[in-house]
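Each remark here refers to the structure printed beneath this line.
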Amino acid sequence: MVPSNLGEEMSTEVALPPEWEDDERMNFLFSDFKENRDVSTTDWDSKMDFWTSLILKICRSRGTVCVNLQELNKIFQRKGIMPLGLATVIQCMARCGKIQRESEFAANVDCGWVSWGVGLLLVKPLKWTFSTLLGSSGVTLKELFVVIELVKEKAAELLGVYRSSPVANHSLLSFQELRTLSSHVCADESTLCMALLQLQREKQVTVSLHGGEKIVKFSQPGQNHVSPASDVDLGIYQLQRSERLLEERVEALGLEAEKYKEEARVLLREGKKSQALRCLRSRKRVEKKADHLYAQLENVKGILEKIANSQTDKLVIQAYQAGVSALRLSLKDVTVEGAESLVDQIQELCDTQDEVNQILAGGALNSTDADTDGLEDELRFLLENSSLDEPSTLPEVPSHPLSPVRESGSLCDDLLSALPTVPQNHFNITGDELDKARSCITLADTGNSLSCSFIFQMLPQKRLLK
C-alpha cells in the first residue's frame, strides 16, 4: 500500500505490471544496482528496462513531462519500502538522452526564453546555476528532469490544438489565452512551458515580452519555421484584442439594457410610473452607448478585413512572381527563330512522307489495273458460256390454238373454259387499247380477278395481236 495520496492516486490510475505482486521478483527489483554492470549484465539490464518503462508509463498517464526522484520514491513505494536504485535509473536515462535536467533543457533555448521562463520553470535557479557551472552529476531529490519523448508528444499535441482552434488565423496569442486553450492537453503551466520550449527548439513557436505581457506566435501551415513577431503582427494583435473587448462590452451593455427594460415593466405593473420612466431613460442611455461601441467595433472589423485582404494580395503577388520566374527559366533556351525553324523542318518531313506514300500508292494501283483487266476478260467469257449452256426456264410459245380441256375439280380448267376462243384472224387493236381492256377485266371480275389477271399477263401480247 502506498502511504502518500499521490502514490494512492497513481496506483488506481495506472495498471502496475504483474511482477508487482511477486514478492521475490520485487525484492530483486527494489534492491540497489551493482556498482559494476559487468558483474551481472543480464540482471542489470532487466532491472533497468523495468524501471525505465514504468517511469515513462507513469508520466504519460499523469499527463506530465517532468519528474523528480522524491516523487518517484513516493509513487513506487511498496509495503513501506522504496526502491533503492531509482537514482541510478535516472542517471542512466540522462546519459542515454531519454531525460534531461530542466535547467539544461531550458538553457538550450535562446536567452529570450530564459529571461521570462527561469523564475517560472525552475525550482531553484541559484542551485541550477551552481550545478551547471560546477558540472554536478549527482541526483537530488527535488531536481526536475524532462522526459524528452513525452515533451515531444505534448509539443505536437499543442501545435495541433492551436491549428484546429477558432483562433488559428490569429498570428499572435497571449500566454493566458494559450493556457486556457490547451488546458485539456497540458495538465499544468509547467507542462505548457516545457511544450513551448520544445516547439521553440523546433522553430515552430517564438515567445516575446511586450508591455509586460507574454506573446506567443505560432508558425502557419506551409511554413518551415516561424518568424519573429513584427510590428505588423503586434498591430494586428492589438486590433484583435480591441475587437474582443468591444464585443464583450457591447454584449454586456445589451444585457444591461434588457435588465432595465424588465425592471421598467415590473415597476409599471406595480403602478410606479415615475420609476419605470427612469428605468426606460437608463435603458435608452445604455442602448445609445452600445450603438456607439458597436460602430467602433465595425470600424475595427473593417480594418482587420482590409489587413487580411492585403495579406492575401501579397500572397497572390508572390505567387505571380514565382510563376514569372519559373516561366522565364523554362523559356530561357527558347527563341522565335528556333521555333520557326523547327516548324519548317517538320513541314519538310511531312512533305517527304507524303511523296513517299504517293509513290508507294501509285505502284500498287498500276499492278491492280493489270490484274483487273484480266479478271474482267475471264468474267465476260464465263457469262457468255453460261448463257449458251443453261436451258431457258420459260415454256415455248405454242404454235397452235389452245383448246379448252376440262377436268372436274380443277379451278384453272373452269377459268379456261370460261374464256372465249382465240381468234384466228388479225384484229386492228393497238397495245394501249389492249392494256386498257386488260385493266377493265381485272377491276370488273372481283371474284376471280387475281387468277384472270395472272393468266392474261402470262399470255404473250404478240400472240393476241395476231
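List the equivalent ellipsoid semi-axes of the range 221-299 in whole Å, largest first, each obtained as the square root of 5λ for an eigenvalue λ of the Cα gyration tensor. All intermediate terms of the calculation are to be shown ahead of the outcome.
Details: eigenvalues 388, 25, 9 Å².
The equivalent ellipsoid of the range 221-299 has semi-axes of 44, 11, 7 Å.
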Principal axis dimensions, the range 315-362 - Cα atoms, whole angstrom, descending: 64, 19, 10
Compare the peptides 143-153, 31-41, 170-180, 347-357 by average per-residue count of other Cβ atoms within 10 angstrom and give them in order, highest first. 143-153, 170-180, 31-41, 347-357
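Projected area of the range 35-103, taken from the Cα convex hull and averaged over every viewing direction, in nm²?
Details: hull surface 21.4 nm².
For the Cα atoms of the range 35-103, the hull's average projected area reads 5.3 nm².
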Using r as the Cβ-Cβ distance of Phe50 and Ala168, and R0 as 56 Å, what FRET efficiency do you calculate, to the nearest 0.05? 0.85
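Using unit Cβ charges (K, R positive; D, E negative) and no other charged atoms, how large, in debye to the nearest 20, is the dipole of the range 185-252 about its Cα centre? Walk me through the numbers before you get to the answer.
Working: 7 positive and 10 negative charges, 53 e Å.
Roughly 260 debye for the range 185-252.
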If you wrap the range 160-211's Cα atoms in a convex hull and average its projection over all directions, what's the area in nm²? 3.8 nm²
Place a label point 7 angstrom from the Cα of Glu35 along the Cα-to-Cβ direction, then list the residues of the range 47-85 whose backbone nitrogen is under 17 Å away. 85
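Label the range 267-378 by shape, choosing from rounded, prolate and oblate, from the square roots a ≥ b ≥ c of the eigenvalues of the Cα gyration tensor; if a/c is under 1.5 it is rounded, and otherwise prolate applies when a/b is larger than b/c, oblate when it is not. Let's see the in-between values first.
Values: a/c = 14.96, a/b = 3.23, b/c = 4.63.
Oblate, since a/c reaches 1.5 and b/c is not below a/b.
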Explain nothing, just the number: dipole magnitude of the range 217-332 about its Cα centre with +1 on each Lys and Arg Cβ and -1 on each Asp and Glu Cβ, in debye rounded to the nearest 20. 500 debye
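Given a cut-off of under 8 Å on Cα pairs at least six residues apart, what relative contact order in percent is computed for the range 198-349?
On the way: 94 pairs, mean separation 24.3, N = 152.
Computed over the range 198-349, the figure is 16 percent.
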Given the peptides 324-333, 68-77, arrange them by the average over their residues of other C-beta atoms within 10 Å, most packed first. 68-77, 324-333
Going by average Cβ density within 10 Å per residue, which order do the peptides 184-193, 297-306 take, highest to lowest? 184-193, 297-306
Sorted from largest down, give the three principal axis spans of the alpha carbons of the range 136-185, whole angstrom values. 46, 21, 19
Which value in nm describes the separation of the simple spin-label points at Lys288 and Val343, placed 7 Å from the Cα toward the beta carbon? 7.7 nm
Spin-label pair Thr352/Glu256, simplified geometry with 7 Å Cα→Cβ offset, distance in nm: 9.3 nm
Using only the Cα atoms of the range 151-290, each taken as one equal point scatterer with no solvent, compute I(q) by the Debye sum, divide by I(0), and report log10 of the ratio at q = 0.14 Å⁻¹. -0.70
For the range 184-259, take every pair of Cα atoms, bin their distances at 5 Å starting from 0, and report each bin as a whole percent. 3, 13, 15, 18, 15, 14, 9, 6, 4, 2, 0
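Values quoted throughout were computed directly from the atomic coordinates according to the rules given, and no laboratory measurement underlies them. Every value quoted in this text rests on a predicted model; they were computed, and no experiment measured them. We place every Cβ from the backbone using ideal geometry, glycine too, and count neighbours over all the protein chains shown.
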